[in-house]
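Q: The structure is given below, and queries will be raised subsequently.
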Amino acid sequence: MNEFVLNHPLITHKLAILRDVNTGTKEFRELVTEISTILMYEAMRDAKLEETTIETPLEKMDTGMLNEDHYAVVPILRAGMGMVDGILNVIPNAKIGHIGLYRNEETFQPVEYYYKMPEGIANREVLVVDPMLATGGSASATISRLKLDGVKKIKLLCIVAAPQGIKTIEEEHPDVEIFCATVDRELNDNAYILPGLGDAGDRVYGTK
């Protein structure tokens, strides 16, 4: 099992506000950013540090520092963009790639319409971000596309996941770790997560 769920009272509190139908666009965006930052801290627990020497106001010391240039963030458009600021709060120099996918409403299968990655993507650790992991189709398609470009280490960060989505990633990409704030009950007939929080893209951008 490569699934890591943030079981924390603070996350539960923030998720309760995020889910509330009465939460406005501004507060929704802020909460997505806050939760994304916390997810990122968890996802970076195994980060490799490079040995370096720095000078404090009192003396020199040996320590470790992160090579931020080693990382790339890939939001799945458009909802994934809502998580980017939270990720960059942790590694502000990470490069950003984009993939655009939309869901065929009849087959529920992802269709790619845009793909643009930073130079040298194959040599970076990639963090794929999307607030909702429902069927797992879009996330799996994104991971497959990145692997075609030679990416070897990929992590998936989402806020709300459904059991079906987790199962899809674990079956199709067992090498990818999943970090999520919570796992919800199920999908409805339209492949929306229940109880969920609605359409994350619409709520981030205020389009409904």
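Q: Just one of 74, 111, 90, 84 is in a strand (DSSP E or B), in contact (Cβ under 8 Å) with a residue 40 or more places away in the chain and aliphatic (A, V, I, L, M); which is it? Outline the logic, then answer.
A: Values: 111 fails: in contact (Cβ under 8 Å) with a residue 40 or more places away in the chain; 90 fails: in a strand (DSSP E or B); 84 fails: in a strand (DSSP E or B).
Within the list 74, 111, 90, 84, the selection yields 74.
Q: If residue 54 passes every condition in (1) farther than 15 Å from residue 128 by Cα; (2) assigned to a strand (DSSP E or B); (3) in contact (Cβ under 8 Å) with a residue 40 or more places away in the chain but one, which one does it miss?
A: (3)
Q: Has the range 121-142 got any residue that is of a type in the set (D, E, K, R) and in a strand (DSSP E or B)?
A: Keep residues of the range 121-142 that are of a type in the set (D, E, K, R), which gives 124-125, 130.
Narrowing further to those that are in a strand (DSSP E or B): 125.
Yes.
Q: Okay, moving on. Quick check: is even one residue across the range 52-74 modelled with pLDDT of 95 or more, surrounded by fewer than 20 Cβ atoms within 10 Å (Cβ to Cβ), under 12 Å from the mean Cα position of the chain (by Cα) and more than 26 Å from residue 190 (Cβ to Cβ)?
A: No, the range 52-74 contains no residue that is modelled with pLDDT of 95 or more, surrounded by fewer than 20 Cβ atoms within 10 Å (Cβ to Cβ), under 12 Å from the mean Cα position of the chain (by Cα) and more than 26 Å from residue 190 (Cβ to Cβ).
Q: Looking at the range 3-43 only, could you name the residues that are of a type in the set (Asp, Glu) and touching a residue at least 60 places away in the same chain (Cβ under 8 Å)? If you could, list the steps in order and put the result at the bottom.
A: Step one: of the range 3-43, the residues of a type in the set (Asp, Glu) are 3, 20, 27, 30, 34, 42.
Within the range 3-43, 3, 42 meet the criteria.
Q: Further question on the same structure: Residue by residue through the range 2-13, note down the ones that are touching a helix residue (DSSP H, G or I) at 6+ places or on another chain (Cβ under 7 Å) and over 15 Å from residue 184 (Cα atoms). Even if it seems obvious, please write down each step before you answer.
A: To start, the set of residues in the range 2-13 that are touching a helix residue (DSSP H, G or I) at 6+ places or on another chain (Cβ under 7 Å) comprises 2-4, 6, 11.
2 - this is the single residue of the range 2-13 that is touching a helix residue (DSSP H, G or I) at 6+ places or on another chain (Cβ under 7 Å) and over 15 Å from residue 184 (Cα atoms).
The values are calculated or read from the model by the stated rules, or taken from the named source; none is laboratory data. Here the structure is a predicted model, which means the values were calculated and not measured. Here Cβ is always computed from backbone atoms with ideal geometry, including for glycine, and neighbour counts include all displayed protein chains.
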